[in-house]
Amino acid sequence: MSDFNFLMFYAKLAGFKLLVSAIRIGCEDEFSKTLHDRLLAGLDAAIGSTRHIMDLQRQLLTEDDPEGMIAWQLQGEAENLTSRTFVLLDELEIDFDTNEYRVDGGEWHNALSADCDGIEINYPTTVSVSDTEIGPLATTIRDIARETGIAISVARVVYD
């Protein structure tokens, strides 16, 4: 990560934010507006993280760091940024240890059921939304993922 150019990364994120903002102007339905707004929120958060990383880099160059705290924090922030995923629709979390799941950070639900036929564990799944449904934003999402390496999820939770 030390040779990664966060200034260029910042510029890419800012450029994509401007592009998504411009595309949002033409949105006619709530679904499309929601996708754009959530993508803009993700880009804002990534831009904020990138600014913080650049501040830490500047601190590391100008201040003493005998305990390595600044370097340690810089490494952690950079790892968090590069492993980030933007979730534009539904987020499904599954705890296989407790057989529970939750959607969009809500309440945990038990996927375990039992009856006279035995025990059944039934988790919901996610299904990707088609490019047709996403509309013109689909190309921009692919470009952001390709240019920045940030994963972007546009999926719905489906209950069987």
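Since every read-out is calculated from the coordinates, none of them should be taken as a lab result. No experiment lies behind these values; they were computed from the predicted model shown. A quick note on method: Cβ atoms are made from the backbone with ideal geometry, for glycine too, and the neighbour counts reach across all protein chains shown.
Once region 24-55 is narrowed to residues that are of a type in the set (A, V, I, L, M, F, W, C) and not in a helix (DSSP H, G or I), the residue that is nearest to L88 (Cα to Cα) is C27. Among the residues of region 17-36, at least one is closer than 28 Å to L74 by Cβ and surrounded by fewer than 16 Cβ atoms within 10 Å (Cβ to Cβ).
Being among the small types (G, A, S) and touching a residue at least 24 places away in the same chain (Cβ under 8 Å) is the filter; apply it to region 108-153 and report the residue that is surrounded by the most Cβ atoms within 10 Å (Cβ to Cβ). Checking each candidate, the answer is G135.
Within the span defined as region 85-106, every residue fails to be of a type outside the set (S, T, Y), under 21 Å from the mean Cα position of the chain (by Cα) and over 20 Å from A155 (Cβ atoms). M8 meets the conditions (1) within 16 Å of G149 (Cα to Cα); (2) surrounded by 12 or more Cβ atoms within 10 Å (Cβ to Cβ); (3) out of contact with any His (no Cβ under 8 Å at 6 or more places or on another chain) in every case but one. The failed one is (2). Considering region 122-160, and only residues there that are part of a strand (DSSP E or B) and out of contact with any Leu (no Cβ under 8 Å at 6 or more places or on another chain), the residue that is farthest from L19 (Cα to Cα) turns out to be V158.
Taking region 71-84 as the range and being of a type in the set (K, R) and farther than 30 Å from R156 by Cβ as the test, no residue passes.
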